[in-house]
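Asker: If you scroll down you'll find the structure; I have some questions about it.
The values are calculated or read from the model by the stated rules, or taken from the named source; none is laboratory data. Every value quoted in this text rests on a predicted model; they were computed, and no experiment measured them. Surface areas here come from the heavy atoms of the whole protein model, side chains and all, with no ligands, DNA or RNA. Shrake-Rupley method; radii C 1.70, N 1.55, O 1.52, S 1.80 Å.
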Amino acid sequence: MNNSTSVPSPRWWLAPLVFTIGLIIALAIVWQASEIAREVLAKAVMMIVGALSTPFILETTVALFGLCIVIAINQWRLNKEGDGWVYLAQTEPDAASVAAGAETPAKRLDPVVMTTPLDQSTDLHARLAMIEGYLDLGLTQEAQDHLQQLSADERQDPRVSAIQSRLG
């Protein structure tokens, strides 16, 4: 037994279409060829339409036909755009991070509440990175505005003097 999955042909609809067209052509030929066949076909169509138009069957038929249309449109969209699956990042730290003391948050979308203020050097590093970003984008006025917001102690940092030399 072959375990591989078969991929349907992109022209799967061709065989049912040819069969339906052939059936309609055969019915049209019989309709034109015989008076008795015409009467039988007319009676058959009237009975089918009459049966399908009864209250319960009509609603059921319309609902099933609508469901088939929705499924067909969805299948066409899936074939065109893909299945839409996404892969989420894992919140489990790797072995090296665990050895360094990293912990996996219990609920990664929960807000983080800090019990102690940030280390000033980390905060300074982040603000200097933002100023360098302004410089890289050519926004010298914004970079100067943020440099002026630094305290006197922070301006003594060698990274600040390097940024000021870039400003000219």
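Asker: Out of residues 5 or more away from Leu139 or on other chains, whose amide H comes under 5 Å of its own, with H placed 1.01 Å from N in the peptide plane?
Answerer: Long-range HN contacts for Leu139: none found.
Asker: Now for a different question. Given a 1.4 Å probe, how much area per residue of segment 4-69 is accessible, in Å²?
Answerer: Value returned for segment 4-69: 88 Å² of accessible area per residue.
Asker: What full-extension length gain, to one decimal in nm, is calculated for Val49 and Ala26 as 0.36 nm per residue of separation minus the Cα-Cα distance?
Answerer: Between Val49 and Ala26, full extension yields 6.2 nm more.
Asker: Output ³J(HN,Hα) for segment 32-47: one whole-Hz value per residue in order, computed from phi by the Karplus curve 6.51 cos²θ - 1.76 cosθ + 1.60 with θ = phi - 60°, and x for Gly and Pro.
Answerer: Using θ = phi - 60°, the values come out as 7, 7, 9, 5, 5, 4, 4, 5, 5, 5, 5, 5, 5, 5, 5, 5 Hz.
Asker: How much length would be gained if the chain were fully extended between Ala162 and Gln148, taking 0.36 nm per residue of separation minus their Cα-Cα distance, in nm to one decimal?
Answerer: 3.6 nm
Asker: Something else now. Ignoring ligands, DNA and RNA, what accessible area per residue does segment 118-167 give at 1.4 Å, in Å²?
Answerer: 67 Å²
Asker: Further, regarding this structure: Convert each backbone phi in segment 48-61 into a coupling constant with the Karplus relation 6.51 cos²θ - 1.76 cosθ + 1.60 (shift: θ = phi - 60°), then list the ³J(HN,Hα) values in order as whole Hz, x for Gly and Pro.
Answerer: These are the phi-based 3J(HN,Hα) values: 5, 5, x, 5, 6, 8, 5, x, 6, 6, 4, 5, 5, 5 Hz.
Asker: Here's a follow-up. Provide the per-residue ³J(HN,Hα) series for segment 137-143, in order, calculated from phi with Karplus coefficients 6.51, -1.76, 1.60 and θ = phi - 60°, each as a whole number of Hz, with x at glycine and proline positions.
Answerer: 7, x, 9, 5, 5, 5, 5
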